[in-house]
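A short reminder: the numbers here are calculations on the coordinates, not readings from a lab. Just so you know, these numbers come straight off a predicted model, no measurement behind them. Positions of Cβ are backbone-derived with ideal geometry, glycine not excepted, and every protein chain shown enters the neighbour counts.
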Amino acid sequence: MSFLHRLNPALVPVSGRERLRASLGALAGIFLTGLVSSIAIGSEAAMPLLVAPMGASAVLLFAAPASPLAQPWSIIGGNTVAALIGVSCVLFIPHPLIAACVAVAAAIAAMLMLNCLHPPSGAVALTAVLGGPAIHQAGYWFVLSPIAVNSLILLSVALFFNNLTGRRYPHASVKPVGAPVTADPLPSHRLGATQADIEAVIRDLDEVVDVSAEELDELFHRAQLRAFERQTRAITCADIMSRDVVAVESGSDLKSAWRLLMTRHVRVLPVVDGDGTLCGIIGLADFLRNSILSEAGTLKLGFGTRLAASLSGRALPRTVNDIMENEVRSALPETRISRLVSPLVDQGIDQIPVVDHDNRLVGIVSQSDLLAAVFQERLDQSAAF
C-alpha cells in the first residue's frame, strides 16, 4: 500500500474554481492558436496548423503559470531550440531512432544551458524527427512555422488570460508598492530562512526543482504570517490603536497642517471632512514634494516659484486638499494586527487610520503601536511558560 501511495504525486489541491480557470484558459489558448495560425499560415498549407506539444505547453501555461518551466523564455526559447535541434538531427542522422534519441537528449542539454527548460519541447524535438514527410520537407521552416508561430500565439493568450483572471504572469517576485527600493530583503523577510538560504539548499540539491527560489521564499513568508496570525488572533486594531487622533479638516490651509505636524511631532495627519469621515492623508513627504522640488527636479525658490506660477496661470497649492493623498490604506477596529505587518513593515507606511463601517475616523495604528503589541505578546507567551 505504501508503494502505491508513493506513486501518487503530491500535488497541492486546488479549488474547483481554479480547475475551471485553468481548463478555460487552455480551451481559449488552443482555439486561438489554431485560429490565428490558420490565418497566418493558411488552412491549405501542407504543414499542420497545430503541433501536439502545444497541448502540453498549455497545461503549464494555464494550470501552472507560476512554474519556472512555464515562463515566456521557457516556451519560446525551449520550443525554438528543440525544433532547431530536431530538424538538424533529421538532416544529418539518417537512422530515425538514433536521430530521435539524439534530438531529445541534445534539446534537454541545450535548454538547461540556455535556462529555457520546457518539458513539452522534448516532444517538439521528437516531432521534428518523427513527424512525417511534410515536416521533413519543410526543413528549418518548421522552426518558424508552426513552432514559433504556435508558441508566440499561445504565449500571448496566456499573458492576457492569466493576468485577466488574477494570476500574475510572467511570474516574478514584486516588492510591495512603497517598499524601499534596495537590494536588501524586505524587513519582514530578514529573520529566519531567507531567499539566499533557499537558493543555497536548491544548489546543494543539484536537481531541477519545479518552483523558483523567489516563490519558495514567498510561500515560506506567508506561512510565517499565518503562524503569526494564529498566535495573535485575539489582538485587533481596537486593542492597540491610538484613540486621541491628531487629524486635520479637509480644506484647512497648509500652514495649519504644518503647525500640527511640527507641534504634535507626527509624520502624517489623517484628513477628515466635517462629520469625521476619512477623505485623505497628508504628511511630511507631501510637503517636501510640493514645496522643495519642482517637477523638473530643481530646487524651488519662494519668489521665483510664485512668479513662474503667476505667469503660467498655474495656482500654487494653498489647502490640504491640494497636496493630500486621496487613496488611503485604512483598517477596521476588528482587523487583526497580523494584517498590518505588510503595509507597516514592508510598504513603508508610517501609520494606518482606523475607521468604522461608515468610514469615520476612530483611531490610528503606527509602526510603534504594532511593535509594542508584538513585544508584549512575546512577553506574555514567555511568562506563560
Q) Amide H neighbours of GLY363 under 5 Å, counting only residues 5+ apart in sequence or on other chains, H built in-plane at 1.01 Å? A) VAL354
Q) Which of the peptides 88-96, 235-243 is most tightly packed, and how do the rest follow, going by the mean number of other Cβ atoms within 10 Å of each residue? A) 235-243, 88-96
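How large is the Kirkwood hydrodynamic radius of the range 11-164, in angstrom, based on all distinct alpha carbon pairs?
One decimal place: 15.6 Å for the Kirkwood radius.
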Q. So for TRP258, TRP141, fewest C-beta neighbours within 10 Å to most, what's the order?
A. TRP141, TRP258
